[in-house]
1. Quick query: amide H of Tyr195 versus all other amide H atoms, modeled in the peptide plane; which residues come in under 5 Å with a sequence gap of 5 or more or a different chain?
2. Taking a virtual spin label 7 Å from the Cα of Val134 along the C-beta vector, which residues in segment 63-105 bring their backbone nitrogen under 15 Å of it?
3. Determine the per residue accessible area of segment 68-178 with all protein chains present and a 1.4 angstrom probe, expressed in square angstrom.
4. Per residue of segment 198-209, what does 6.51 cos²θ - 1.76 cosθ + 1.60 with θ = phi - 60° give for ³J(HN,Hα)? Whole Hz please, x for Gly and Pro, Karplus curve as stated.
5. What's the tally of Lys pairs in segment 85-198 whose alpha-carbon atoms lie under 21 angstrom apart, where the two lysines are 8 or more places apart or on different chains?
6. Mind grabbing the base-10 log of I(q)/I(0) for segment 41-119 at q = 0.14, 0.18 Å⁻¹? Debye formula, identical points on the C-alpha positions, no solvent, two decimal places.
7. Evaluate 2.2 N^0.38 Å with N set to the residue count of segment 40-195, then give the Cα radius of gyration divided by it.
8. Quick check: at a probe of 1.4 Å, how many percent of the accessible area of segment 32-130 sits on carbon and sulfur atoms?
Amino acid sequence: MSDMIKRFIYHLRGLDAFFETKGTTGNVRGFMEQSECKALFFAAKSAPGDGVVVEIGSYVGKSTIWMAKALKARQRGKMYAIDPHTGDPYSDVLQNERKQFALGQEGEFRKNISDAAVQDVVIPIVKTSEEASVDFDKPIRLIFIDGIHEYDFVKTDFLLWSPKVIENGIIAFHDSLRPGVKRVFEELLYNSKSYELIGRVYYTSFFRKKGKRRFTDMMFDLRFDMIFPQYQGNKKIIAAALNFLAGIISLFIF
Ligand SMILES: C[S@@+](CC[C@H](N)C(=O)[O-])C[C@H]1O[C@@H](n2cnc3c(N)ncnc32)[C@H](O)[C@@H]1O
């Protein structure tokens, strides 16, 4: 398919800037599947409301770059990338990978951000989530939680940061199927009056902090359904039809 047609379809699906981003994180190590990168990109670009984007656990910048590219494309402000760059003591995979970085994890992160030309929208905070939360006072419209995935850490991240999220803001978690993360969902999110699940893309779950539902929030959900056909939550006929259509189109694009 010619680039022009692809670009047009990306535009229709709200992923036009994604087209330029494709490949920019190709060599950046990380744990995000492509569909999850797209979903973060879409959320950073389209999550309604005024506020910044925050990431807990940036590693060497794969997820950071996707969100930053979206912010840059839409001039939607800056993002804060929080990571002590000390690694995850519970993950052998991560510890082994880290040993391969010539510049160390933080050096590698800064190099990747600079190579992707997003250093002007990414503000690194080299602290733990707990430390960074103490004096962080900006309203947040999207937060991506991907630090340590053990129950206590995920719960702490959620409890410390969710009060800073604006009404109708989005809270995304990576590795949703890990026991610690699932337990936090079951205890604090699934049956909560304050949060609702928007959908899950591969291992990343997206929740909304409930507020008065506006037209822009409904549009966000509808487009989320349309762009990410694997979404299994809301079975409305329209969403199913849009999913089907998006699925067919996706066959030709991804
Ligand atoms: C799974 S990795 C993040 C992956 C990254 N989002 C990506 O796209 O590749 C988890 C990261 O959490 C960081 N981390 C460890 N303890 C942390 C803490 N207390 N607060 C925030 N981040 C932490 C680690 O240094 C590691 O880089």
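The values are calculated or read from the model by the stated rules, or taken from the named source; none is laboratory data. It should be emphasised that the depicted structure is a prediction, and the values quoted were computed from it without experimental measurement. Using ideal geometry, Cβ is built from the backbone for each residue, glycine included, and neighbour counts are taken over all protein chains shown. For accessibility, only protein heavy atoms count, side chains too; no ligands or nucleic acids. Shrake-Rupley method; radii C 1.70, N 1.55, O 1.52, S 1.80 Å.
1. Residues meeting the criterion, in which the H sits 1.01 Å from N, are Lys210.
2. Taking a point 7 Å out along Cα→Cβ of Val134, the residues of segment 63-105 whose backbone N falls under 15 Å are 84.
3. 46
4. 8, x, 10, 10, 6, 9, 9, 9, 10, 10, 10, 7
5. Value for segment 85-198: 13.
6. Listed by q, the Debye log ratios stand at -0.48, -0.74.
7. Against the empirical 2.2 N^0.38 Å value, I get 1.00 for segment 40-195.
8. Details: 1870 of 3850 Å².
For segment 32-130, the apolar C and S fraction of the accessible surface comes to 49 percent.
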